[in-house]
Protein chains: 2
Amino acid sequence: MNSDSSYKNRKVISIGVVKELTGLSERQIRYYEERNLIFPERTEKGSRKYSFFDVERLVEIANQREEGVSTDEIRRDINKRDKEKLKKEDIRKDMLKGQLNARFGIQKK
Amino acid sequence: MNSDSSYKNRKVISIGVVKELTGLSERQIRYYEERNLIFPERTEKGSRKYSFFDVERLVEIANQREEGVSTDEIRRDINKRDKEKLKKEDIRKDMLKGQLNARFGIQKK
DNA sequence: CGTGTAAGGAATTCTGACACG
DNA sequence: CGTGTAAGGAATTCTGACACG
């Protein structure tokens, strides 16, 4: 649900194209997966498939690595951002719930 | 320019994934290219790369083919639609030009 | 015309490992 | 820790062609 299933999140890109798009080596791309920074899917036969979102994250990772940031630290950054995103979503949901309650909530029998 | 360079139009999908996505055979996908219904790009080594736009067009083609429409007729349909799109763009440009002229066009010296 | 298939070769991708630092 | 590389195998993709209808 949400804005998923959009082009940006569909896992359709092979590692060779990701290599072209990011300038990273296959070794690096696989290693960042091993460190849980990205999560490609697999074809039936086992080839990795990435989304545009993954490609963009990889570019960010490459930038951080150039600045000497370790994969562990990058991982923490990603977690932090994800948590903030979830928090915002919760707030939004709460506000929506509140509005719905105000209008339809306390209906007399 | 335009809405190009968006995810939808980037040629990054291999023929194997396109096969999965469309349910067509590689033979069919290559044949529709031969008939000029789609225009994949190539990697340096010669593998075809498709966009999400291509995938959607292929699904349309598959639907038409099921209804017995020939590739020639499909080609004409595509041309017609493209021409209409261009015409609309021309109209939009003309309108814009007109507006700009009305405001800034006939400036005295 | 539209599609299947077998053929042979070239390029891709995968995993586990050794290397260096 | 992060990345390169050689190794061997499996899967992918390509082209040109023959087949059928």
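The values are calculated or read from the model by the stated rules, or taken from the named source; none is laboratory data. Just so we're clear, the structure is a prediction, and the values are computed from it rather than from any experiment. Methodologically, a virtual Cβ is constructed for each residue, glycine included, from the backbone with ideal geometry; neighbour enumeration extends over all protein chains shown.
When segment B:25-54 is examined, which residues are found to be among the charged types (D, E, K, R), near DNA strand C (Cβ under 9 Å from one of its atoms) and either at positive phi or surrounded by 13 or more Cβ atoms within 10 Å (Cβ to Cβ) (or both)?
Across segment B:25-54, the qualifying residues are B:ARG30, B:ARG35.
Among (1) in a helix (DSSP H, G or I); (2) more than 20 Å from A:THR22 (Cα to Cα), there is one condition A:ILE74 misses while meeting the rest; what is its number?
The one condition A:ILE74 does not meet is (2).
Of everything in segment B:4-33, what is at pLDDT 95 or above, within 11 Å of chain A (Cβ to nearest Cβ) and not in a helix (DSSP H, G or I)? Give them in sequence order.
Residues satisfying the conditions are B:ARG10, B:LYS11, B:VAL12, B:ILE13, B:SER14.
Can you name every residue in segment B:48-104 that is within 14 Å of chain A (Cβ to nearest Cβ) and hydrophobic (A, V, I, L, M, F, W, C)?
Selection gives B:PHE52, B:PHE53, B:VAL55, B:LEU58.
Is segment B:55-71 home to any residue that is within 20 Å of A:VAL55 (Cβ to Cβ), away from DNA strand C (no atom under 11 Å from the Cβ), assigned to a loop (DSSP other than H, G, I, E, B) and touching a residue at least 12 places away in the same chain (Cβ under 8 Å)?
no
Can you tell me how many residues within segment B:34-54 are assigned to a loop (DSSP other than H, G, I, E, B) and over 24 Å from B:SER6 (Cα atoms)?
Matching residues across segment B:34-54 total 2.
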